[in-house]
Amino acid sequence: MNGRVLTESGRVELLLLLREPVTLVFALALPIVNVVVLGGVFGDQPDPTGEVFRGVGGSTYYTPAYISLVAASVGLISVPTQLAGYRERGVLRRMRASGLPVAAVLGAQLAVGLGLAAVGAAVVTAFSFLTNDPAPAEDPVGVVVAFLVGTVALILLGILLGAVLPTARAAQGAGVLLWFVLLILGGAGPPPEVLPDAMGTVGALTPLRPLVLALQDPWFSGSWNPGMLAVLAAIGAVSWALASWRLRRD
Amino acid sequence: MRGLRKTYGKTTAVDDVSFTVEPGEIVGILGPNGSGKTTTVECLQGLRRPDQGDVRVLGLDPRHQVATLRRRIGCQLQDAALPDRLRVGEAVRLFASVGDRRPDIDALLREWGLREKRRAPFGSLSGGQRQRLFVALALVNDPELVFLDEMTTGLDPTARRDAWRLVERVRDRGAAIVLVTHFMDEAERLCDRLVVLRDGAVVATGTPAELVHRHGGGLTASFSSDLPLPVFAELPGVRDVRRHGTTVEVTGEPAVVLRIGHLLVPTGHVPADLLVRQATLEDAYIRLVGDGTQDGTQDGADPPTRGDEPGTAVAR
């Protein structure tokens, strides 16, 4: 594999991503809607009883959660839709037969997805600070590390979805559904503390919860959450192993 | 390729398939749906691992040297598209990045009549334009061997003839071509040699003319005559004689028509309705693979008696 294959694959994936309206809506527009709605509802007043929002103000609680939603939309909607579409239409077969390695395509999707998520995260964070008054992150480096680990893990999970789901339509449907479920249960919508027990348990098992916690801990208290970072890394590693096994059998 | 064998679970897709392709040659692979054509080609391209057999492509083993191999071959795959929003120029640039040299993309697009489509998304192209793009992509890195799998399926007659000219131009550049096809006229027009598969096994190989000669069933002459059938049956080279009403139908080697003439002219009964029909590649194919109960849908579109088809002679 030469370097030109990688840069050309990256270029093509970027162009295709930018031409996919659903991706842009979910990665850039919907999280902003969230900022407006949740920020408008809760402002930045800490819960007087201290039972919800982990002891911080609403918009402080939600700003890292918004970032996790951007990562989830890239990982669970745009990446699987693109990859399943490639498999469905024989694009991957054609590339493979022409000497374009599947690894280059996946690497390009990872890089481009990470880039889009970074832009989305920056936009949503800026918007949150513009419209509300969240406390700045105690440890920005920890937040960035959590963002990188979590986004890579969710994109790898998305590659697994794209390697398993039969069509682009199926992948997009499943991805959007999953995204809303994660939004509601994963800690980026209603505060997890107000959810009924059963929903709270399900929420704790979603792949979004570890990312929300891994982003919030360095933001609120300046301390990293190595446990949740390890869970994210494990999600990524298992997804990658299963996806590459599945793609080799294709 | 020698003794290729590939099974999917309990189904044997290809069993003991052997053939060679020489440089500058167009070899056609014919066979009904499910006869193993695509599996055979995919083993050559390194897209599938053969279970048994010795496969060498350009001196390389597709099982172990697939990366090197793919830089030297070009592939047009059946049912393999591109993303709808990918533009023509972008696709060519992407596929060109595999090669070591930087090809002249503008010249390539001009050559295949796609220059004005450079910024058009793949989804907006017509069937013929897509085929031209696929051929251009297969050729972008100047391959020594090109695989074309059912490249004209679904094209209208004009686009098919355009595609044939493209294939001939590829051959004229010096590449060897493996052409998988359902169409007899295409095989007859383009291929130097044919490999006919049935149920995963090779049932015949040879030039189109050889296959017609060996398996086509020979020439059929029909004409009005009241002479008794044994008179014709005794002629050298005759295989079969029938009578339909007043018409006699004699089947046999090509020289049979001369023998009949020799017999009839001295009697003064020169039939005005003499019709000579040469066997076509389609006749040979149908005899080789069966009557088409499992296939034949594609081939039925091309009646064997069309006057412009090579090998069909209609004489009075």
Check your understanding: Does residue A:73 fit the bill of being surrounded by 23 or more Cβ atoms within 10 Å (Cβ to Cβ), touching a residue at least 40 places away in the same chain (Cβ under 8 Å) and within 30 Å of residue A:44 (Cβ to Cβ)?
Key -> yes
Check your understanding: Among A:11, A:19, which is the only one that is touching a Lys or Arg at 6+ places or on another chain (Cβ under 7 Å) and surrounded by fewer than 24 Cβ atoms within 10 Å (Cβ to Cβ)?
Key -> A:19
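Can you find a residue in the stretch A:56-72 that is within 14 Å of another protein chain (Cβ to nearest Cβ) and more than 21 Å from the chain's Cα centre (by Cα)?
Keep residues of the stretch A:56-72 that are within 14 Å of another protein chain (Cβ to nearest Cβ), which gives none.
There is no residue in the stretch A:56-72 that is within 14 Å of another protein chain (Cβ to nearest Cβ) and more than 21 Å from the chain's Cα centre (by Cα).
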**Study point:** Residues of the stretch B:5-25 classified as surrounded by fewer than 23 Cβ atoms within 10 Å (Cβ to Cβ) and within 18 Å of the chain's Cα centre (by Cα), total
**Key:** 8
Check your understanding: Does residue B:205 satisfy the criteria of being in contact with a Lys or Arg (Cβ under 8 Å, 6 or more places away or on another chain), of a type in the set (Val, Ile, Thr) and under 30 Å from residue B:38 (Cα atoms)?
Key -> yes
Check your understanding: Regarding residue A:14, is this residue within 14 Å of chain B (Cβ to nearest Cβ), farther than 29 Å from residue B:149 by Cα and part of a helix (DSSP H, G or I)?
Key -> yes
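Which is of a type in the set (A, V, I, L, M) and either buried (at least 19 other Cβ atoms within 10 Å of the Cβ) or in contact (Cβ under 8 Å) with a residue 24 or more places away in the chain (or both), of A:229, A:195, A:205? Reasoning before the result, please.
Working: A:195 fails: either buried (at least 19 other Cβ atoms within 10 Å of the Cβ) or in contact (Cβ under 8 Å) with a residue 24 or more places away in the chain (or both); A:205 fails: either buried (at least 19 other Cβ atoms within 10 Å of the Cβ) or in contact (Cβ under 8 Å) with a residue 24 or more places away in the chain (or both).
Just one listed residue meets the conditions, A:229.
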Practice item. Report yes if some residue within the stretch B:67-74 is surrounded by fewer than 21 Cβ atoms within 10 Å (Cβ to Cβ), basic (Lys, Arg), touching a helix residue (DSSP H, G or I) at 6+ places or on another chain (Cβ under 9 Å) and more than 8 Å from every other protein chain (Cβ to nearest Cβ); otherwise report no. Key: no
Practice item. Kindly indicate whether any position in the stretch B:60-68 is farther than 19 Å from residue B:199 by Cα, touching a strand residue (DSSP E or B) at 6+ places or on another chain (Cβ under 9 Å) and among the hydroxyl-bearing types (Ser, Thr, Tyr). Key: yes
Point to revise | Criterion (without any contact (Cβ under 8 Å) to a residue 60 or more places away in the chain, under 22 Å from residue B:57 (Cα atoms), surrounded by 15 or more Cβ atoms within 10 Å (Cβ to Cβ) and hydrophobic (A, V, I, L, M, F, W, C)) met by exactly one of B:257, B:170, B:196 | key: B:170
Practice item. Output the qualifying pairs, or none if there are none: Cβ atoms under 6 angstrom, residues six or more apart or on different chains, first residue in the stretch B:80-105 and facing chain A (nearest Cβ under 7 Å), second residue of a type in the set (Gly, Ala, Ser) and not in a helix (DSSP H, G or I). Key: B:80/A:90; B:81/A:90; B:95/A:98; B:98/A:99
Check your understanding: Among the listed residues B:233, B:221, which satisfies the condition of being of a type in the set (A, V, I, L, M, F, W, C) and surrounded by 14 or more Cβ atoms within 10 Å (Cβ to Cβ)?
Key -> B:221
Point to revise | Exclusive hit being crowded, with 23+ Cβ neighbours inside 10 Å, part of a helix (DSSP H, G or I) and either modelled with pLDDT of 90 or more or touching a Leu at 6+ places or on another chain (Cβ under 9 Å) (or both), set A:181, A:152, A:143 | key: A:143
Exercise for review: Can you work out which of the residues in the stretch B:134-153 that are assigned to a loop (DSSP other than H, G, I, E, B) and more than 11 Å from chain A (Cβ to nearest Cβ) is farthest from residue B:185 (Cα to Cα)?
Suggested key: B:142
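Yes/no per residue for (1) closer than 30 Å to residue A:84 by Cβ; (2) assigned to a loop (DSSP other than H, G, I, E, B); (3) within 27 Å of the chain's Cα centre (by Cα); (4) not acidic (Asp, Glu):
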{"residue": "B:64", "(1), (2), (3), (4)": "no, yes, no, yes"}
{"residue": "B:68", "(1), (2), (3), (4)": "no, no, no, yes"}
{"residue": "B:75", "(1), (2), (3), (4)": "yes, no, yes, yes"}
{"residue": "B:80", "(1), (2), (3), (4)": "yes, yes, yes, yes"}
{"residue": "B:84", "(1), (2), (3), (4)": "yes, yes, no, no"}
{"residue": "B:94", "(1), (2), (3), (4)": "yes, no, no, yes"}
{"residue": "B:102", "(1), (2), (3), (4)": "no, yes, no, yes"}
{"residue": "B:110", "(1), (2), (3), (4)": "no, no, no, yes"}
Exercise for review: May I ask you to say which residue of B:36, B:59, B:31 is more than 14 Å from chain A (Cβ to nearest Cβ), small (Gly, Ala, Ser) and free of Cβ contacts under 8 Å to residues at least 12 places away in the same chain?
Suggested key: B:59
Revision key, fill the gap. Within the stretch B:265-286, the residues that are surrounded by fewer than 21 Cβ atoms within 10 Å (Cβ to Cβ) and within 17 Å of residue B:183 (Cβ to Cβ) are B:286
Check your understanding: Do any strands (runs of 3 or more DSSP E) entirely within the stretch B:1-52 hold 2 or more residues that are modelled with pLDDT of 80 or more and touching a Leu at 6+ places or on another chain (Cβ under 7 Å), and if so, which?
Key -> B:26-30
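The values are calculated or read from the model by the stated rules, or taken from the named source; none is laboratory data. Owing to the predicted nature of the structure, the values given are computational and were not obtained by experimental measurement. Methodologically, a virtual Cβ is constructed for each residue, glycine included, from the backbone with ideal geometry; neighbour enumeration extends over all protein chains shown.
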